[in-house]
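Undergrad: Starting off with a structure, shown below.
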Amino acid sequence: MKNDMPKELFENKIIAGDSIRIGRDQVVPLTRSIYVPLFGLRGCLVWNRPYAVMIIGEDDTERVLPVHDVTRRSQILLLIAGLIGSLLIWGFLRGRNSR
Amino acid sequence: MAKKEVAPLSEVEIPEPGKSLEMTEDVIGKLLDTSGSSVVYGRPIKQGDVTLIPAAEVIAGVGFGSGFLFGQSSEDDDRSMPLAGGAGRTFSRPVAVVIISPEGVRIEPVRDRTKVLLAALTAGGFMAATLLRMINSKRALKELDGK
């Protein structure tokens, strides 16, 4: 399916992909899609990532398994730790320097 | 060494005026197609009773511009030609693998040790730079007091 040209508005939505039948269950992959228009209509940024997997049982029960991005989470935690560490070092040594 | 033959200009396909914008739209549309939600989950891979579905994060950035070129090749010729151009880039990174087996469905995350190590080095660099800066400023203050 061909994408349209960049749209005006920011979009953040969850899209269900094609379901797969495995045995008696149906597995539906879910994607989080973020669309950010840039510079008016002269550019855009599209960010798609796996959100979760929904399992629909024979009796129509739904179970959602979230997809965790462990690498991204570790990166963010490390960068926040570095920032906090820098602030602590700055605050501690600034206090000592001023005495 | 044989000379590489270059096609004469008359054989090169030059888009008609007004068509360049359509071509740019077409190319940008194709680029956005590569980052669509349908490519986040790959084709299921079946091995016996187990089915694997790879999941990846896909990011695409696109920019384009258009305008008019005014020109006059002769006294009788006064026309403008619309021009358009664009560029884009797509990134993708594996995030997890969905494993479907007779025991049930589970999701195994993909751990990229290289990216985590780079983030750790960046964080360490920030802290080391802050520490060095504070030590240097302390030394400078001591020298000023000593004078």
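The values are calculated or read from the model by the stated rules, or taken from the named source; none is laboratory data. Just so we're clear, the structure is a prediction, and the values are computed from it rather than from any experiment. Methodologically, a virtual Cβ is constructed for each residue, glycine included, from the backbone with ideal geometry; neighbour enumeration extends over all protein chains shown.
Undergrad: Do we find a residue being surrounded by fewer than 16 Cβ atoms within 10 Å (Cβ to Cβ), modelled with pLDDT of 85 or more and assigned by TED's automatic domain parsing to the domain that holds B:Asp26 anywhere in segment B:50-58?
TA: yes
Undergrad: Right, something else. Does A:Arg72 satisfy the criteria of being within 30 Å of B:Arg113 (Cα to Cα) and not in a strand (DSSP E or B)?
TA: Judged against the criteria, A:Arg72 is a match.
Undergrad: Cβ-Cβ under 7 Å, sequence separation 6+ or interchain: first residue in segment A:72-97 and in contact (Cβ under 8 Å) with a residue 12 or more places away in the chain, partner charged (D, E, K, R). Which pairs?
TA: As it stands, the answer is none, since no pair meets every condition given.
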